[in-house]
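Notes to accompany the following structure.
The values are calculated or read from the model by the stated rules, or taken from the named source; none is laboratory data. Because the structure is a prediction, the values reported are computed rather than measured. Don't worry about glycine lacking a Cβ; one is built from the backbone with ideal geometry, like all the others, and counts go over all protein chains shown.
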Amino acid sequence: MSQTFAATAAAELAVVERSGFVESRHVGSAIVLAPDGEVAREYGDPGALILPRSCMKPIQALTCLAVGAPLEGERLALATASHSGTDRHVGVVRDILAAAELTEDALACPPAWPSDAATRHELVRDHGEPARVRMNCSGKHAAMLLACRTAGWDTEGYLDPSHPLQVQVRELAERLTGAKVAATAVDGCGAPVFAMTLSGLAKAIHRIGTSSVSSPFALHRNAGTLVEAVRAAPWTIAGPGQPDTIVIERLGVFSKGGAEGVHVMVAPDGTTVAVKMLDGASRATAAVGLRLLELAGALDAADVADTMSQLPLAVTGGGRDVGAIRPAF
C-alpha cells in the first residue's frame, strides 16, 4: 500500500500556545524553493509521497485550458478555487456551466452547504438545501465539463481516471513534477487525485507560479494567465475571511490550500513553499508558509506579521484571546 511519511520522519512546523503553555504541536514536512527553483530549505521528508488534494487544482485548470476551454478572468480563477459557496462564487460557476450548455445536474461533485457562514445561514432561513453548485470544488468541475464540451468528449464519466480529460491531467502532472504518478486516489469531490512527492508538488507549483503570459510556450502562457487571474480576483480562490484570499489580497502571493494539511505558496519573486501537516490539520499551514517565505527573504517581516494578524490563528478562552497558533520557527 502506498503511504505518506511516518511521524518519525516529520519535523515540528507549528505549535498551539494557550496562556503561555504549548498545548499542541503540528508536525509535518515542508520545502522551500528559491526563485531559480533550487532547494533552499527542507523540513521533515519532502521526498515522501503525499496526496496534493486541492493543491492540484492549478494543474487541473491548466489542463482545461490546454484542451481549449474558454476560461479567463474570474472563470479561470474559479476553475482553480476551493471557494466558500457564496452567491458571487455560484454565479460564476453557473456562468461556466452556461458556456458549456449544461445545468447543475451535470456536476458530479457531491451536494454541499456553503462553507461561508453568512451564506449558509441565509440558505437555512430560506429553507434551502445543500447543492452541487455550492460545493467548494464546483468551479473545477464546471471547468472540466466545459473542457469536455470544447474537446468533444463525453461529459458522462468525466471523473473516471481513464477519461481523456483525466488522462491529460495525469500527463501534465507528470510533466510538471518530473516524475510518474505513484498512485491514484479519489478526492473528496470525486475527482482523481494523483500521489506525488511534496518536492514534486513544489516543483510543479514553482513552474506555474513563475510562468509569464509572454512566454513563447503555450503551457507557460496559460500558467501565467492563471496566476494573474487569481491575483486579480482573490475573492474567487476561497472567500471572505479565508486564508488564501487574505494572503493574496495583502501580499500578492499565489496561495492555494488543500485538504489534509497541504498548502502551496509562490511569492512575487518566485520563492515557493509547499507544506504537508502529517495530522491533516490545515489551521497552521498558511502561517507556516508565510513564515518560510519570510525566512527566505521573499516577504517583509512586518508585512507577514500584519497578514498573520488577519488569519484565524487566535486561541480563545472565556471569550477572549489567550494564545495563538504559530509557526515553530
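Values computed for the structure shown
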item: One residue from A233, A204, A185, A179 being buried (at least 17 other Cβ atoms within 10 Å of the Cβ) and either within 14 Å of the chain's Cα centre (by Cα) or within 28 Å of A10 (Cβ to Cβ) (or both); result: A204
item: Residues located in the stretch 82-103, provided they are in contact with a strand residue (DSSP E or B) (Cβ under 9 Å, 6 or more places away or on another chain) and either among the aliphatic types (A, V, I, L, M) or surrounded by fewer than 18 Cβ atoms within 10 Å (Cβ to Cβ) (or both); result: V90
item: Some residue of the stretch 203-219 being part of a helix (DSSP H, G or I), farther than 23 Å from I31 by Cα and not charged (D, E, K, R); result: yes
item: Evaluation of L123 against (1) crowded, with 17+ Cβ neighbours inside 10 Å; (2) part of a loop (DSSP other than H, G, I, E, B); (3) over 25 Å from the mean Cα position of the chain (by Cα) (one fails), failing number; result: (2)
item: Cβ-Cβ under 6 Å pairs, at least 6 apart or on other chains, the stretch 117-132 side within 22 Å of T103 (Cβ to Cβ) and of a type in the set (K, R), far side surrounded by 11 or more Cβ atoms within 10 Å (Cβ to Cβ) and at pLDDT 95 or above; result: R132/E104; R132/L107; R132/C109; R132/P111
